[in-house]
Amino acid sequence: MRIIGTGSSLPKKIVTNDMLSGFLDTSDEWIVPRTGIRSRHVISDENLEDLAADAALKALDAAGMKPSDIDYFVCSNVVNEYITPGLSCIVAGKIGLSCPCVDINCACPGFIYALDIVESRWKAGKVRNALIVCAEEPTRMTSWQDRATCVLFGDGAGAVVLTGGDNIRGINLHAEPCPDKIWQKRTLEPTPYVTKEEISVPLQMKGREVFRFAVNASTTQVEALLEECGMTKSQVTYYMVHQANARIIEAIKQYMAEPDEKFPSNISDHGNSSSASCAILLDETVRKGLIKKGDILVFSAFGAGLLSAAAIVEW
Ligand code: COA
């Protein structure tokens, strides 16, 4: 397929590190050198589905398409207020889609997993035009008393519209299933028969282990995918790396021995917005006019699961 339109939407509330230190034992001096994050957009009175719909409509507008042109819709989301229906159906209802709607929960690499799904369906001849929306509110997953996690995240939605083409050069998906590295639990409704103890636990993360996984998975996958596609680093215009932490991105950059200007970044004013991160970064880079036809974009993302993914996309 070929990406022909992008969009994004962010909550209006901006929370700075200094605002966090008003109620948490943390500081700008601790957060910035360890994460690169200075502020993040945080949901207050918005609903995630409205941000998702807004991002989708912007991507459709950029693509010059109407909702009725879309015949497959994938929504990437870890959590939102609805358990059912899926966020894809809620967003489809808001923007007037009438095509099949699919939800995936692949955490931070969800954008690339969604690309893989639409690309596979297109190759199977089942899709003409697809919409992907990645919408996340990780600030509703962490405890805001846990300084080791809540400072890292921000909310938002990013979207792309795709049509037929051979611009997705390759995709590499990877899993190292170990659910104790990043996890959260919530209780379900009680029944007369449930006898086990159930508790809600906010997001837990083994930060240093996740850090190592992220750098290792990203560099290994990107190198393998470039080789598989018969390409070299010199052909890459931009590495669109999941915006989890500036130090992770720096470590990947060092390993790849590639220059700063090949790594667009918005971590400093977004934090980690899970699967929305790559889609928002793409939209912001497109709207700044920094990407031109023929440019080679390498996407790389990693997160809970543990899952990771890489994709090479020609613009
Ligand atoms: N402000 C001040 N102190 C903090 C803090 C904060 N926001 N968060 C943690 N600390 C403290 C800890 O309590 C600990 O104090 P102690 O030594 O007195 O116990 C100390 O800082 C070191 O904590 P540690 O967790 O070992 O820090 P770290 O150097 O590993 O950095 C992360 C923590 C989260 C920044 C780092 O592990 C990381 O970036 N991991 C990757 C996380 C990530 O990106 N996950 C998502 C991937 S999708």
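The values are calculated or read from the model by the stated rules, or taken from the named source; none is laboratory data. Just so it is clear, the structure is predicted and the values come from calculations on it, not from any experiment. A quick note on method: Cβ atoms are made from the backbone with ideal geometry, for glycine too, and the neighbour counts reach across all protein chains shown. Side chains are part of the model used for accessible areas, which takes the heavy atoms of the whole protein and leaves out ligands, DNA and RNA. Shrake-Rupley method; radii C 1.70, N 1.55, O 1.52, S 1.80 Å.
Of all residues in region 250-265, how many are touching a helix residue (DSSP H, G or I) at 6+ places or on another chain (Cβ under 7 Å) and within 15 Å of the ligand (Cβ to nearest atom)?
3
Name every residue in region 20-58 that is of a type in the set (A, V, I, L, M) and surrounded by fewer than 15 Cβ atoms within 10 Å (Cβ to Cβ), in order of residue number.
Scanning region 20-58 gives a single hit, VAL32.
Can you tell me which residue among LEU290, LEU281, LEU297 is part of a loop (DSSP other than H, G, I, E, B) and either out of contact with any Lys or Arg (no Cβ under 7 Å at 6 or more places or on another chain) or within 14 Å of the ligand (Cβ to nearest atom) (or both)?
Every option except LEU290 fails the conditions.
Are any residues in region 2-19 part of a strand (DSSP E or B) and open to solvent by 30 Å² or more (accessible area, probe 1.4 Å), and if so, which ones?
Within region 2-19, ARG2, ILE4, LYS13, ILE14, THR16 qualify.
From the list LEU97, LEU162, LEU173, LEU131, which one is closer than 30 Å to ARG208 by Cβ and either surrounded by 14 or more Cβ atoms within 10 Å (Cβ to Cβ) or among the basic types (Lys, Arg) (or both)?
The conditions single out LEU173.
So for region 10-18 (the condition being of a type in the set (Ser, Thr, Tyr), within 16 Å of ALA148 (Cβ to Cβ) and modelled with pLDDT of 95 or more), does at least one residue qualify?
no
Rundown of residues vs (1) within 21 Å of ILE90 (Cβ to Cβ); (2) touching a Lys or Arg at 6+ places or on another chain (Cβ under 6 Å); (3) open to solvent by less than 10 Å² (accessible area, probe 1.4 Å); (4) away from the ligand (no atom under 16 Å from the Cβ), yes/no style:
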| site | (1), (2), (3), (4) |
| --- | --- |
| CYS106 | yes, no, no, no |
| SER120 | no, no, no, yes |
| GLU137 | yes, no, yes, no |
| GLN145 | no, no, no, no |
